Amino acid sequence: MKNTNWRLIYAHTVLIIGVIFMSFPVWVAFSTSTHDDVTILRNGLQFWPGTHFFETYWEVLFVEGGVMKSVLGTTMLKNSLILGIGFAVGKVIISMLAAYAIVYFRFRLAAPLFWIIFMTLLLPLEVRIIPSYEVMAGLNLLDTHTGLIVPLIASATGTFFFRQFFRSVPEELLEAARLDGATPWRFFVDILIPLSKTMIAAILIIMFVVGWNQYLWPLIMTTKEENYTLVIGIKQIYQVLAEGGELPQYQKAFALTILATLPPVLVVLVFQNWFVKGLVESEK
Amino acid sequence: MAGVELTGVRKIYPNGAEAVRGVDMTIEHGEFIVFVGPSGCGKSTLLRMVAGLESITEGEISIDGRIINEVSPADRDVAMVFQNYALYPHMTVRGNMSYGLKNRGNSKAEIHEKVEEAAKMLRIHDFLDRRPQQLSGGQRQRVAMGRAIVREPKVFLFDEPLSNLDAKLRVQMRIEIKRLQRRMDVTSIYVTHDQTEAMTLADRLAVINDGRIEQMGAPLELYNNPTTLFVASFIGSPQINLVPVVFDGDKLISGDIALSGFKDLPTDADLVLGIRPDDLTQNGEGEVSLRVDLVEQHGAENLIYGALLGAAAEEGEETEICIKVDQQTLPKIDATLKLGVNKSRALVFRKDNGQRVL
């Protein structure tokens, strides 16, 4: 009994230290964002919340010139959402279709093609960023949402996950569906997609967070302020701070940072059941 | 009205393995045919070729006179019941049963009516709005059959549908399947490795071994008159007793045992004598004796297993045989029983090619 108590205390101590370690910077960012610029400049980082919470966040989100030259925080939030959702949905659609073809259709080179897709895991965006930019520029898609999303949605990871999942679906289901007169498309829509529900949810969540946090590609793709995502906005605001001129608006930079971390956190919190289910359970 | 016809059907897989080596078969309308054989003998492959789930390498299969080699599974007008049920887990029972009809463009009212009717027949009416996970094995199997029935196909195909059920349920479902098939009068092909199922269900059964049909006929015909050693040993439970023998002109000889009363058998080959456990009787002046090893009490009868004394066998081994006796007969272990042989029902096979010679 005593033994288990000690083990519990030990385990919790480790966990609590971990939690503090991870969340302390976020807390500092939040606290600092609720003070006014003068306090921050004079006293540095703040560890307890101040009194300027509403003022700062209001300005960042809704007042023109409050954070960037003209663009509002809400616009950047919208851009980020479009990127995150478009990125996630696009990835799920493309990788499901690719995995469906690889698993269920017998065509020449299916296996080598899969391995080629798989190998692109080794080639991150950075490797192909110049050609991709060139292509988008040629298609006149710079500074558009399409140009922001489309080059990113091919996903080896997603294809791989869906391939593994489809292979675990019992073959008899396909055979039963064929005898039931289902076309390949109907089988995909009526049976495979409903069976993959939890898997789709898990990948949507992961990919939303990844898409939301995209940095390099939006940085290169967007030149106009109205197309900035939150992540780019943060980068820009720090740049403005460094270049100086006026009094640096640190509290707004921190507020923007907090705003940028919120949606992914919310998504994971709200959908965590689905998320865990999708990764752990295979419903058959 | 024809049923199903197979002519020279062969299946060779891309890797060169030959699963079905030329099968000819005519199945009449409304007949219940069972394919039986050990695992890997090609019986499932043959069934799946009829269903259209495996391509036909050579030969022809026709249903109702129409050759279906190149017809897609959906258009062959067959329905199949799978071993693991293969129900769509995300659909309700009703959804499972109506999916095939929906894909065929039946109207909503029509689907509703057919599903209700089949559900009543199978007594799954109360579960129509449940998911397969909420059902027991037997209920799931009923749903799988319901899915097949609503389509009113020309041919039912069953791929070991009862192997996932427990013994009691299996017997019960077996009876139900038979009854249903009678009532609906639909040509059916049923694959199993269980010879009891095969015997009890079939109008005719086909014993399949190594991709070929060993023998096809009515269950009793196969039991009484097997043409090969394989069929004799596969059909019948408990298994037929097999004793290696040679023929010396008028007696069958095995070690110290000599059985008279046989003639016109080849003398130049090793033979195998087959006697069913029911054809051995306990008898004071019997010609052979058995040393009791084990008694299995089945209720109505007892099965006695033991060594056939004096029979030719490998050094240090004995020829195991089994006899069937009534429930009162309970010999002690190691007791010796004298047995009489019902020679009119004895079967003799050549050892080299398994063909029956008597």
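The values are calculated or read from the model by the stated rules, or taken from the named source; none is laboratory data. Remember, it's a predicted structure, so these values are computed and weren't measured experimentally. Please note: Cβ atoms are built from the backbone with ideal geometry, for glycine as well, and neighbour counts cover all protein chains shown.
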Does at least one position in region B:129-145 carry a residue that is at pLDDT 90 or above, under 26 Å from residue B:28 (Cβ atoms) and more than 24 Å from the chain's Cα centre (by Cα)?
-> no
Identify, by number, the condition in (1) outside any strand (DSSP E or B); (2) surrounded by fewer than 16 Cβ atoms within 10 Å (Cβ to Cβ) that residue B:50 doesn't meet.
-> (2)
Requiring at least 2 residues that are over 13 Å from residue A:254 (Cα atoms) and hydroxyl-bearing (Ser, Thr, Tyr), the helices (runs of 4 or more DSSP H) wholly within region A:1-87 are A:2-33
Flag if residue B:273 is within 25 Å of residue B:227 (Cβ to Cβ) and either charged (D, E, K, R) or at pLDDT 90 or above (or both) | yes
Give B:119, B:109 a once-over and let me know the one that is more than 14 Å from chain A (Cβ to nearest Cβ) and surrounded by 21 or more Cβ atoms within 10 Å (Cβ to Cβ).
-> B:119
Inside region B:221-253, the number of residues satisfying the requirement of being more than 19 Å from residue B:305 (Cα to Cα) and among the hydroxyl-bearing types (Ser, Thr, Tyr) is 3
Check whether at least one residue in region B:129-141 is assigned to a helix (DSSP H, G or I), under 26 Å from residue A:193 (Cα atoms) and among the small types (Gly, Ala, Ser), and report yes or no.
-> yes
Considering each of B:34, B:71 in turn, give the residue that is in a strand (DSSP E or B) and within 15 Å of residue B:4 (Cβ to Cβ).
-> B:34
What's the number of the condition residue A:206 fails, among (1) surrounded by fewer than 21 Cβ atoms within 10 Å (Cβ to Cβ); (2) within 14 Å of chain B (Cβ to nearest Cβ); (3) not polar (S, T, N, Q)?
-> (2)
Need at least 1 residues that are at the interface with another protein chain (Cβ under 9 Å from one of its Cβ atoms) per element, so show me which helices (runs of 4 or more DSSP H) inside region A:136-197 make the cut, counting only ones lying wholly within it.
-> A:171-179
Residue B:255 vs. criteria touching a strand residue (DSSP E or B) at 6+ places or on another chain (Cβ under 8 Å), touching a residue at least 12 places away in the same chain (Cβ under 8 Å) and of a type in the set (Gly, Ala, Ser) = no
Report yes if residue B:27 is within 14 Å of chain A (Cβ to nearest Cβ) and either modelled with pLDDT of 90 or more or touching a Phe, Trp or Tyr at 6+ places or on another chain (Cβ under 8 Å) (or both), otherwise no.
-> no
Do we have residue B:48 as among the basic types (Lys, Arg) and within 23 Å of residue B:216 (Cβ to Cβ) here?
-> yes
Answer residue from region B:30-47, given it is away from chain A (no Cβ under 14 Å) and over 21 Å from residue B:178 (Cβ atoms) and is surrounded by the fewest Cβ atoms within 10 Å (Cβ to Cβ) among those | B:39
Restrict the check to region A:88-99 and report whether at least one residue is touching a residue at least 24 places away in the same chain (Cβ under 8 Å), more than 30 Å from residue A:195 (Cβ to Cβ) and touching a Lys or Arg at 6+ places or on another chain (Cβ under 7 Å).
-> no
Any residue in region B:148-165 that is farther than 21 Å from residue B:63 by Cα, surrounded by fewer than 21 Cβ atoms within 10 Å (Cβ to Cβ) and more than 14 Å from chain A (Cβ to nearest Cβ)?
-> yes
Report whether or not residue B:326 is touching a strand residue (DSSP E or B) at 6+ places or on another chain (Cβ under 9 Å), closer than 25 Å to residue B:199 by Cβ and not assigned by TED's automatic domain parsing to the domain that holds residue B:210.
-> yes
Mind listing just one residue for me: the one in region B:87-104 that is within 7 Å of chain A (Cβ to nearest Cβ) and part of a loop (DSSP other than H, G, I, E, B) and, of those, nearest to residue B:149 (Cα to Cα)?
-> B:104
When the residues of region B:60-74 are filtered to those that are more than 26 Å from the chain's Cα centre (by Cα) and at the interface with chain A (Cβ under 8 Å from one of its Cβ atoms), which remaining residue is farthest from residue A:195 (Cα to Cα)?
-> B:72
Region B:187-299: strands (runs of 3 or more DSSP E) wholly inside it with 2 or more residues that are of a type in the set (D, E, K, R) are B:212-217, B:288-297
Among the residues of region A:29-42, which ones are without any contact (Cβ under 8 Å) to a residue 60 or more places away in the chain and under 23 Å from the mean Cα position of the chain (by Cα)?
-> none
Picking from B:294, B:309, B:290, which residue would you name as being loosely packed, with under 12 Cβ neighbours inside 10 Å and farther than 19 Å from residue B:234 by Cβ?
-> B:294
Residue under evaluation residue B:21, criteria (1) in a loop (DSSP other than H, G, I, E, B); (2) modelled with pLDDT of 90 or more, criterion not met | (1)
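For (1) at pLDDT 90 or above; (2) closer than 19 Å to residue A:257 by Cβ, each residue gets a yes or a no:
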| site | (1), (2) |
| --- | --- |
| A:11 | yes, no |
| A:27 | yes, yes |
| A:37 | no, yes |
| A:45 | no, yes |
| A:49 | no, yes |
